[in-house]
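First the structure, in the form of structure tokens, and then the observations on it.
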Amino acid sequence: MTYSDTIGVMDSGVGGLTVLSELVKVLPSAKYIYLGDTANLPYGCKTKEEILFFNRNILNFFLTLGVKDIAIACNTTSALTYEDLREEFSPKGLRIFPLIQSAAYSATLGLNDGDCICVLSTLATAKSGKYASEINKINPNLKVVEIPCPNFVEIVENRLYDLDESKKIVREKMKIILENKAKRVILGCTHYPYLLDMFSLYLPREIFFNPAGSLAKNICSFIKNTNDVGDIDFYVTGDPCEFKKSAKLFFDIKKEVKSVKMPTFSRV
Ligand code: DGL
């Protein structure tokens, strides 16, 4: 198989599958390679230096396979390291599509000056202020409240939906949204669509905005559908069985999930 016409999709774990499922809807004929960096998750509580190290390994992995187009199906990467990655890897022939930057405009549609947008995200994304800066470039009169949700990725990756502690953590974050009278809530981490059933106990589903659709549309304006039959290969840096189990809500993966080893981060 030649991978030059393949789209590489990357995330720390099963979160990016929520983006892959949108991509498959609009580009069903494409070939995809999905890489979940499960040995290194969660990214959201790591430093930029660590995240950049993980991201570089993944992009080098895609380069080795000859993949040319990369969907960054991770908000934390889009927020912290996208610009560095683009600078380093564009000259090597990679075309990189980020999430937040692709979605900011659509996220503001239909809102009026003074309206509040809440953004649920990892700690690192919230700290970066990337959603607020991208949204306020489009409309400086929107109020953006970034809400860090450090435990949500763990709930999804370990399938802890039924624990009282998980329900309590979700309830607390939903309370912040209600207090702010938000008109829109951005699912600012690709793991969070897995939690929508829990969120919608407190808020109507229509209030939630999933940036994945905007990234898929952005990619679609560069890559066209053909008559080919699409295909997806899955790779993880951690345990393939756990990945399959946690992925279930978005992909019932029947084929083998391959394991790939990446260099280990060490601070020198
Ligand atoms: N799903 C990723 C994101 O959108 C990363 C979550 C994590 O590993 O903390 O930010």
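The values are calculated or read from the model by the stated rules, or taken from the named source; none is laboratory data. For clarity, every value in this text was computed on a predicted model and none was experimentally measured. Note that we place each Cβ from the backbone using ideal geometry, even for glycine, and neighbour counts take in every protein chain shown.
Out of curiosity, is residue 178 outside any loop (DSSP other than H, G, I, E, B), closer than 24 Å to residue 142 by Cα and either in contact with a Ser or Thr (Cβ under 7 Å, 6 or more places away or on another chain) or touching a residue at least 40 places away in the same chain (Cβ under 8 Å) (or both)?
Against the criterion (outside any loop (DSSP other than H, G, I, E, B), closer than 24 Å to residue 142 by Cα and either in contact with a Ser or Thr (Cβ under 7 Å, 6 or more places away or on another chain) or touching a residue at least 40 places away in the same chain (Cβ under 8 Å) (or both)), residue 178 does not qualify.
I need a count of the residues in the range 57-108 that are of a type in the set (Val, Ile, Thr), touching a Ser or Thr at 6+ places or on another chain (Cβ under 9 Å), touching a residue at least 60 places away in the same chain (Cβ under 8 Å) and closer than 24 Å to residue 261 by Cα.
Counting residues in the range 57-108 that are of a type in the set (Val, Ile, Thr), touching a Ser or Thr at 6+ places or on another chain (Cβ under 9 Å), touching a residue at least 60 places away in the same chain (Cβ under 8 Å) and closer than 24 Å to residue 261 by Cα gives 5.
Can you find, within the range 242-266, the residue that is farthest from the chain's Cα centre (by Cα) among those that are closer than 18 Å to residue 39 by Cβ and without any contact (Cβ under 8 Å) to a residue 12 or more places away in the chain?
Checked the range 242-266; the qualifying residue farthest from the chain's Cα centre (by Cα) is 266.
Is it the case, given these coordinates, that residue 160 is touching a Ser or Thr at 6+ places or on another chain (Cβ under 9 Å), surrounded by 14 or more Cβ atoms within 10 Å (Cβ to Cβ) and assigned to a helix (DSSP H, G or I)?
No: the conditions fail for residue 160.
Within the range 185-220, track down each residue that is closer than 24 Å to residue 245 by Cβ and in a helix (DSSP H, G or I).
192, 193, 194, 195, 196, 197, 198, 199, 212 - these are the residues of the range 185-220 that are closer than 24 Å to residue 245 by Cβ and in a helix (DSSP H, G or I).
Would you confirm whether any residue within the range 12-31 is outside any loop (DSSP other than H, G, I, E, B), touching a strand residue (DSSP E or B) at 6+ places or on another chain (Cβ under 7 Å) and of a type in the set (Ser, Thr, Tyr)?
no
Name the one entry in 163, 215, 142 that is touching a residue at least 24 places away in the same chain (Cβ under 8 Å) and away from the ligand (no atom under 16 Å from the Cβ).
The unique qualifying residue is 142.
Does the range 241-268 hold any residues that are under 28 Å from residue 95 (Cβ atoms) and assigned to a helix (DSSP H, G or I), and which are they?
Correct list: 243, 247.
Which members of the range 1-59 meet the condition of being of a type in the set (Val, Ile, Thr) and within 14 Å of the ligand (Cβ to nearest atom)?
If the condition is that a residue be of a type in the set (Val, Ile, Thr) and within 14 Å of the ligand (Cβ to nearest atom), then 9, 14, 18, 19, 38, 47, 51, 58 are the ones that fit.
Matching residues to (1) closer than 22 Å to residue 65 by Cβ; (2) touching a His at 6+ places or on another chain (Cβ under 8 Å); (3) modelled with pLDDT under 95:
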position	(1), (2), (3)
213	no, no, no
226	yes, no, yes
241	no, no, no
244	yes, no, no
248	no, no, no
256	yes, no, no
259	yes, no, no
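Show me the helices (runs of 4 or more DSSP H) entirely contained within the range 51-143 in which 3 or more residues are buried (at least 20 other Cβ atoms within 10 Å of the Cβ) and at pLDDT 95 or above. Spell out how you get there, then give the answer.
Values: elements: 75-80, 82-89, 100-108, 123-128, 130-138.
Output list reads 75-80, 100-108, 123-128, 130-138.
Can you name the condition, by its number, that residue 234 falls short on among (1) surrounded by 22 or more Cβ atoms within 10 Å (Cβ to Cβ); (2) among the aromatic types (Phe, Trp, Tyr); (3) within 15 Å of the ligand (Cβ to nearest atom)?
Tallying (1) surrounded by 22 or more Cβ atoms within 10 Å (Cβ to Cβ); (2) among the aromatic types (Phe, Trp, Tyr); (3) within 15 Å of the ligand (Cβ to nearest atom), residue 234 fails exactly one: (3).
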